Structure formats: C-alpha cells, structure tokens
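**Student:** Below you'll find the structure I mean.
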Amino acid sequence: MMTTADGNTARARFVVLNDEPVEDGRGDLLGVSETARSLTDLITTSRSSTPFTVAIDAGWGTGKSSLMRLMRSQLEADGVPTAWFNAWTSGPDALEVLIKSVLLSFDRSILRRGYHRLARRRRLVGVARIAAAVALSAFGLRRLVDDLWQRLTVDAKARNEIRDVVREMAEEWVGSGSGPDRQLVVFVDDLDRCQGEVVLTVCEAIKLYLDVPGLVFVIGCDQAVLARNVQGTEGAARALEHLEKIVQVNYRAPVPDEAAVRRLIDGYAERSGTGELFHDGLATLVAQRTKRNPRRIKRLINSFVLEYRLNRDWQRFGPAALVRIILLQHFYPGFYRLLTGTGDRDFTREFLTYTEVRAACRSGHPTDEHSAFFTGLGFAEPPTTDRDRMLALLTEAEQELPVEFPQLASNPEFVSLLRELRDDPEFDTLRTHLQLGVHPVSEEPVSYTVDDQPPYRKRKIRPQPENGFACNILWIDDRFDPAVDVPVSHDTLARVRNRGFDIHIEPADCLRTAQRKLAQWTPDLIISDISRDGDDAAGFDDLAALRVEQIYEGPVIFYTSIVTPARIRRARELGAFGVTADPDELDKWVEVVLMKQRLAK
C-alpha cells in the first residue's frame, strides 16, 4: 500500500522492466545517443576506407547492444542499409548465417544475376523456376540465397568460390547505388558469449569472405570476457589473433557517470512504478553496489516487483520494507545472514548501537549510556571521561563482534538503510518472519543436495573407486540433519565429482559421536560448527581435544552463523583452514581443500 496525495492509501501497481536493447533516443536513459551519432558519422565519412571493422568494447549489461541499436537506427534514418547478426544464437552455423545476412541485404536483381553467373559456371538446373520465385516475393529471395549457399558448399572446390561470388555481388551492389561509395553496415552482437571455434569462424568470415569494399562491420563484445571464454578451447589463440587483425577502430564504452546512472535509476523507477521507494540515499547505494551497471540495476528492481506481486506475505509489511530487505540480501549477504539467523540476538539493533558508540568514542564524548554497550559484552564499566581507554576498549570489543561491523559502520548509505529498516514499527515481526524462512527469492537461487549413501552404521569407509578419488567429509553439528540440511552445494559436488572425486558426507552431532567415527576411518576434511548446546566455543574445544588426542590432524573448516576476529584468531591457533558464514565461500574452500588432499596423496 502507498499513500496518495489526498492522504488515502492505494494498492501499488508495479511492473517488470524488459531487458530489450534501446531502439531509439526516446528510451535512451544513459544519454548514449550522442555517442551513437559520433560513431555513425565516423562510419559514413569513412566510406572510401571500407572495408573496416569497429569494435564496441564494453562490460556485460552496460549497454553494448543498445548503443549498436541506436547506431543502426541512425544509419537507416540516414539511408545507410544495415544487417544484424547475433553470433551467439547462430552457434556452429555462424559462417552460413553471417554470409546469408549480408547476401539478403543486397538487391534481388544483384542476387539473381549472381546466381545466373554461378549457374553458367556450374551448369545448374532449375534456374528459371527459382528466378521466378525471386520476382514474386521476399520468400523467394530467401529461397534463392539458401539455394545459392547450398550450391557453394557442396564440396571443397565450391567452398573456395564463396569469396569470389560474394565479392562480385558486393562490388556490383556498391557500384549500383545512386551515389559513390555505397555502404552496408553489418552489426555483430554477443561475440563475447561464444566459444573459440565460433569466434574464429566469425573472424575468418569477415576477413576471408566479406573483406570487400563497401562493407563495414560493428562488433559488440567485452574483449576481456571473450578472452576468458575462449581460453582453453580449440583455436583460442587463432581466434584472438584474428579478432585483433580485423579490428581497425576500437571504442571502449566508459562506465556511466553519477549523473547518468542517477537518470537511469530514476527512469527505471518511474517505468516500474517504484519511484517513491528509491530516495537519494537508496539510489546512491544502488549505483555504488551495482557498479553502475544498467542490467544489474534493472534486475534488482525486477526482483522487488516479482517478489511483491507474487508473495502476498510482503504486502503486510509494505513495499518500502521489502526494498530494503532485498538490498540487504543482494548487496550485504553477510549481514543478511546475521539478520535472518535463528536466535534472540537482534544484530540490527546491536550494529546501530555499535555505530553510535564508535562515533562517540572517536569524538571523545561517550556517555554512561554508551558504557552499557561494553558491559553487555562482558567488560567492566569503562571510565567515559578517558578517551584513550574508551578507544582501546572499542578495539577489544570489536574482536567479539561480527567481522562485518567495522567496515559497514564506515558506509553511511548502509547505516541509513539499516536505521530506516529498524525504525519500521513492524520490524520485530518482520525479523521473526525472516527467521522462519520466508525470504525474498534470490536473484540466483542455489539448490543444495546431500549424499544419498546409506547411514554410517550400515557400511564401512568407502573404498577407493577404480577411476577416481574417494573423499570423505565429517560434518560436526548438533543441528545438522542429513535429510534436510546441506553442507555443500549441488554445483560444488558436481564439479568435484567431475574432477574424479567420489564424495561422501558423514554427520556427527557431538564430540563423542565424532570420536567414535574417527576411530574407524579418517576423513579428508572436517566441517564443524562453533556454538553448540549454549556453548559458544564448543567447536573450538572439540577440535582442540581431537588435536591433543592425535585423533585427527587434517584440515578443518568452521561453518558458523557469526564470524568475529576472535573466532578467526582461535581457528588459526588450532590450525584450521578458516571460519566462514558464507555458503559460497564454504563451497570454494571445500574445493581447494579436496584438491590439495588429492595432490598430497
């Protein structure tokens, strides 16, 4: 619900933003139409220099396709013919699709004469019938191009004729224009999403078959991503070498400045109906955390729109609360896990209190009310008049607070976001709602699984597979239910299994259970909680016992809901691999540890 100008409330109407490239200046929120005009002027004033290739080099989601679409619209408005070719969707047929795109841009009379010349060379039959079809419809034109391609690719000798046939038609097309130096501009999009073989095919087509006067190619790709995508594929080095050779003009699109990205956010908010939800502070935060990437901004807004419309639970708390929750979930996942974790600690209130105490200690004006923050953490009541002592205590206190707190306290946009969320009258109910597991749908949800082997009591340690590496993980956690919980993501399990691992995860709810299982087999890795049965150091104490008794000397990862500097230091003292609350980080660490274990054996 949102408040109207007359003070009444009305149900908000939010709409999803589409992901189509901008086609004309009316949809140009980033103001790149001027850039498009400069590039098209460069192309049209360089007619005598054709053939040549222009590369639009820009990151994912930053508007390459929109810039190219604007260029195409301006060229066609100026009477310059164009063709559009998507390299990614063409796949293994890239050569055929690209050359056909060029041929279909030529006049049908030129295609017909070119076909007749080829027919006379190769004594083809049925020419009159096909030529008649061409005269009747556009379908006939496409049929002629298809038949022409088929004739040119029947054998190696015929394929060698492609360049000559295309060159002849292109030269005739250029010369048949009303003015000198006629042009055809061919746009090649999504090359950076292709594998090395397709990139090589496209580059070879441009250089070997379509390197003819009158043709200009505009290639849109993120060259850094392209280099990563083709790495290790067949023809990778040749593909990059060919791309470097065919590009004469390289334009690196800049990241939008603050004013441009603010216009973009305002425009997206207006179109989606979310304008009242993104005030200056939130807009600044969105711009910073998305690195001013238009597609990320659009996806963030769409995530909110879909969640609010599809999940009626959120309508109880209102759209403003949901926006802030989604911002926390997407941009500050560590704090979001603290907020939604089980337990009575209100980390939102705790953080805001910490920021106040931090500011007061640094300014030298702490009060008795601020002293309660330290006593709540187990410190003796500090002398608030001693600034140096207060700062020293603050440093000590930070060792017991989540590691995210000091860094986030320096982020005014985050502090403002959290304060607005905490000031919501429904916040406590909302926090309970989140703790019960009713979360917004993540932009990239992760699915989890567990090993489906029979319980431990029914088997012994898994034998070494014939063509792989047996890997056993002991998971120690009193709350871990192997039928429900998931220590490692499905994607990680799939990756390590593809590398030859036969992986199994074994649960243990306490030290005694772990000792019993460790007496019968030795895991390659232990993943353990820290807090257990009201003891905030149980996981550490258990590992210390296992080390002292020399039961287990291998790698350990602590997976917990709260990571503090003190916990990191204790884990390091025990020789553990690390402490994390991030499932993605856990996945990466598991892969690293298992690969090290495999190399060691």
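**Student:** Is region 106-114 home to any residue that is modelled with pLDDT of 85 or more and part of a helix (DSSP H, G or I)?
**Tutor:** No.
**Student:** How about region 483-601: which helices (runs of 4 or more DSSP H) wholly inside it have at least 1 residues that are modelled with pLDDT of 90 or more and either β-branched (Val, Ile, Thr) or touching a strand residue (DSSP E or B) at 6+ places or on another chain (Cβ under 6 Å) (or both)?
**Tutor:** Because the criterion is at least 1 residues that are modelled with pLDDT of 90 or more and either β-branched (Val, Ile, Thr) or touching a strand residue (DSSP E or B) at 6+ places or on another chain (Cβ under 6 Å) (or both), the helices (runs of 4 or more DSSP H) in region 483-601 that meet it are 511-518, 538-548, 565-573.
**Student:** A follow-up question, please. For Ala508, which of the numbered conditions (1) within 30 Å of Glu398 (Cβ to Cβ); (2) in contact with a helix residue (DSSP H, G or I) (Cβ under 6 Å, 6 or more places away or on another chain); (3) crowded, with 20+ Cβ neighbours inside 10 Å fails to hold?
**Tutor:** (1)
**Student:** Can you report the number of residues in region 183-213 which are under 27 Å from the mean Cα position of the chain (by Cα), farther than 15 Å from Val54 by Cβ and not β-branched (Val, Ile, Thr)?
**Tutor:** Number of matching residues: 8.
**Student:** Just to be sure I understand, how many residues within region 1-42 are on the phi > 0 side of the Ramachandran plot and at pLDDT 80 or above?
**Tutor:** 1
**Student:** Please state which one of Val218, Val225, Val212, Val286 is assigned by TED's automatic domain parsing to the domain that holds Val97, assigned to a helix (DSSP H, G or I) and in contact (Cβ under 8 Å) with a residue 40 or more places away in the chain.
**Tutor:** Val225
**Student:** A follow-up question, please. Select, from Leu306, Leu338, Leu327, the only residue that is farther than 29 Å from Leu67 by Cα and among the aliphatic types (A, V, I, L, M).
**Tutor:** Residue meeting the stated conditions: Leu338.
**Student:** Related question: For region 289-323, which residues satisfy the criterion of being in a helix (DSSP H, G or I), loosely packed, with under 15 Cβ neighbours inside 10 Å and under 23 Å from the mean Cα position of the chain (by Cα)?
**Tutor:** Arg295, Leu306
**Student:** Consider only pairs whose beta carbons are under 8 Å apart and that are at least six residues apart or on different chains; among these, list those whose first residue lies in region 314-328 and is farther than 16 Å from Leu282 by Cα and whose second residue is at pLDDT below 95 and assigned to a helix (DSSP H, G or I).
**Tutor:** As it stands, the answer is Trp314/Glu307; Trp314/Tyr308; Trp314/Ala321; Trp314/Leu322; Gln315/Tyr308; Phe317/Thr429; Phe317/Leu430; Phe317/His433, since those pairs meet every condition given.
**Student:** Quick check on this structure: which one of Asp582, Asp529, Asp533 is surrounded by fewer than 21 Cβ atoms within 10 Å (Cβ to Cβ), in contact with a Ser or Thr (Cβ under 7 Å, 6 or more places away or on another chain) and not aliphatic (A, V, I, L, M)?
**Tutor:** Testing whether each residue is surrounded by fewer than 21 Cβ atoms within 10 Å (Cβ to Cβ), in contact with a Ser or Thr (Cβ under 7 Å, 6 or more places away or on another chain) and not aliphatic (A, V, I, L, M) leaves just Asp529.
**Student:** Further, regarding this structure: Can you find a residue that is surrounded by 12 or more Cβ atoms within 10 Å (Cβ to Cβ), of a type in the set (A, V, I, L, M) and in contact with a Phe, Trp or Tyr (Cβ under 9 Å, 6 or more places away or on another chain) anywhere in region 357-366?
**Tutor:** Within region 357-366, one or more residues are surrounded by 12 or more Cβ atoms within 10 Å (Cβ to Cβ), of a type in the set (A, V, I, L, M) and in contact with a Phe, Trp or Tyr (Cβ under 9 Å, 6 or more places away or on another chain).
**Student:** Do we find that Tyr354 is aromatic (Phe, Trp, Tyr), buried (at least 17 other Cβ atoms within 10 Å of the Cβ) and farther than 21 Å from Val563 by Cα in this structure?
**Tutor:** When the stated conditions are applied, Tyr354 does not pass them.
**Student:** Which of (1) within 25 Å of the chain's Cα centre (by Cα); (2) hydroxyl-bearing (Ser, Thr, Tyr); (3) at pLDDT 50 or above does Thr449 not meet, given it meets every other one?
**Tutor:** Answer for Thr449: the failing condition is (3).
**Student:** Moving to a separate point now. Is there a residue being among the polar types (S, T, N, Q), touching an Asp or Glu at 6+ places or on another chain (Cβ under 7 Å), surrounded by 14 or more Cβ atoms within 10 Å (Cβ to Cβ) and at negative phi anywhere in region 516-523?
**Tutor:** No, region 516-523 has no match at all.
**Student:** Listed residues Ala77, Ala58; which is surrounded by 17 or more Cβ atoms within 10 Å (Cβ to Cβ) and small (Gly, Ala, Ser)?
**Tutor:** Result: Ala58 is the single residue among Ala77, Ala58 that is surrounded by 17 or more Cβ atoms within 10 Å (Cβ to Cβ) and small (Gly, Ala, Ser).
**Student:** Also: When you look at Val165, is it modelled with pLDDT of 75 or more, touching a Pro at 6+ places or on another chain (Cβ under 8 Å) and part of a helix (DSSP H, G or I), yes or no?
**Tutor:** no
**Student:** Can you spot a residue in region 430-443 that is surrounded by fewer than 18 Cβ atoms within 10 Å (Cβ to Cβ), within 28 Å of the chain's Cα centre (by Cα) and modelled with pLDDT under 60?
**Tutor:** Yes, region 430-443 contains a residue that is surrounded by fewer than 18 Cβ atoms within 10 Å (Cβ to Cβ), within 28 Å of the chain's Cα centre (by Cα) and modelled with pLDDT under 60.
**Student:** So, in region 24-48, how many residues would count as being outside any helix (DSSP H, G or I) and either more than 18 Å from Gly267 (Cα to Cα) or among the acidic types (Asp, Glu) (or both)?
**Tutor:** Number of matching residues: 4.
The values are calculated or read from the model by the stated rules, or taken from the named source; none is laboratory data. Everything numeric in this text was worked out from a predicted model, so none of it was measured. Please note: Cβ atoms are built from the backbone with ideal geometry, for glycine as well, and neighbour counts cover all protein chains shown.
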